[in-house]
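Heads up: the structure comes next, in structure tokens.
Every read-out reported here was derived from the displayed coordinates using simple, explicitly stated rules and does not represent laboratory data. Just so it is clear, the model here is predicted, and its values are computed rather than measured. Ideal geometry is used to build each Cβ from the backbone, glycine not excepted, and the neighbour counts take in all protein chains shown.
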Protein chains: 2
Amino acid sequence: MQIMEWLREPEKNFPPHKTIKHFNDGVCATYIQEKAELSQSTISTYLSNMEKCGLLIMTRHGKWSYFKRNEAVITDFAKYLL
Amino acid sequence: MQIMEWLREPEKNFPPHKTIKHFNDGVCATYIQEKAELSQSTISTYLSNMEKCGLLIMTRHGKWSYFKRNEAVITDFAKYLL
DNA sequence: TGCAAATATCTAAAATTATCGATATGAGTG
DNA sequence: CACTCATATCGATAATTTTAGATATTTGCA
């Protein structure tokens, strides 16, 4: 939940990436891990699971994995609750 | 989640109560328990927790506890996810 | 008042989840 | 192609959740 909130406003919650300046594909895993203060393996598993279940969209840029919210899926889920 | 879905349409998912004919206050705990096929204590705990956290509204009618969805809270939660 | 029905609470076990350290894999770079 | 950084996977353990049986409480009714 916390990660999903952070990713709603990447610019406000994360520093700009050293090589990729925009947030078009979201935030790289390392920054999320640092902010979450959980181990690398834990965050990697989280992000991977969240991507598998459709909540996040992952994009590889070289050695970095970027994650952003999958708004379409989130909207559908929110509607389903009603 | 399943219970929340059932309670979206009480008339379609539960029999009418023997003494109280309408579904204004939702469904009595026993019917939910029977449909869920879980023990009485389990369902009682579920419903109580769901009520405590605001998802359900409980109404006592004599010896029966009725439960219905708290649509306001559900709507707020759905919005929060977006 | 005493019994029965409906629900609530307590305690404990089995199952699942959260989390990490160690290790493996993938990718860029001199 | 060796080295390093970023991420992924594996295996294990601690913590939490799920669930039930036993028991307690509440309420209506004979």
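Is there a residue in the stretch A:58-80 that is within 14 Å of chain B (Cβ to nearest Cβ), under 30 Å from B:ILE3 (Cα atoms) and assigned to a strand (DSSP E or B)? Looking through the stretch A:58-80, at least one residue is within 14 Å of chain B (Cβ to nearest Cβ), under 30 Å from B:ILE3 (Cα atoms) and assigned to a strand (DSSP E or B).
The set of residues from the stretch B:63-82 being over 11 Å from B:GLY26 (Cβ atoms) and touching a Ser or Thr at 6+ places or on another chain (Cβ under 8 Å) comprises just one member, B:LEU82.
Rundown of residues vs (1) away from DNA strand C (no atom under 12 Å from the Cβ); (2) in a helix (DSSP H, G or I); (3) over 17 Å from A:ILE74 (Cα atoms), yes/no style:
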site	(1), (2), (3)
A:LYS18	no, no, yes
A:THR30	no, yes, yes
A:THR42	no, yes, yes
A:MET50	no, yes, no
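All but one of (1) without any contact (Cβ under 8 Å) to a residue 12 or more places away in the chain; (2) β-branched (Val, Ile, Thr); (3) within 14 Å of chain B (Cβ to nearest Cβ) hold for A:THR45, so report the exception by its number. Against the list (1) without any contact (Cβ under 8 Å) to a residue 12 or more places away in the chain; (2) β-branched (Val, Ile, Thr); (3) within 14 Å of chain B (Cβ to nearest Cβ), A:THR45 comes up short only on (3).
Considering the stretch B:64-82, and only residues there that are without any contact (Cβ under 8 Å) to a residue 40 or more places away in the chain and of a type in the set (Ser, Thr, Tyr), the residue that is surrounded by the fewest Cβ atoms within 10 Å (Cβ to Cβ) turns out to be B:TYR80.
For the stretch A:3-16, state whether one or more residues are within 10 Å of DNA strand C (Cβ to nearest atom) and either in a strand (DSSP E or B) or of a type in the set (S, T, N, Q) (or both). No, every residue in the stretch A:3-16 fails to be within 10 Å of DNA strand C (Cβ to nearest atom) and either in a strand (DSSP E or B) or of a type in the set (S, T, N, Q) (or both).
Do you know which residues across the stretch B:52-63 are hydrophobic (A, V, I, L, M, F, W, C), more than 8 Å from DNA strand C (Cβ to nearest atom) and surrounded by 12 or more Cβ atoms within 10 Å (Cβ to Cβ)? The answer is B:LEU55, B:LEU56, B:ILE57.
Of all residues in the stretch B:1-16, those satisfying the criterion of being away from chain A (no Cβ under 14 Å) and over 21 Å from B:SER41 (Cα atoms) are B:PRO10, B:GLU11, B:LYS12, B:ASN13, B:PRO15, B:PRO16. Of all the numbered requirements in (1) within 8 Å of DNA strand D (Cβ to nearest atom); (2) within 18 Å of A:PHE23 (Cα to Cα); (3) out of contact with any strand residue (DSSP E or B) (no Cβ under 7 Å at 6 or more places or on another chain), A:GLU71 misses one, and that requirement is (1).
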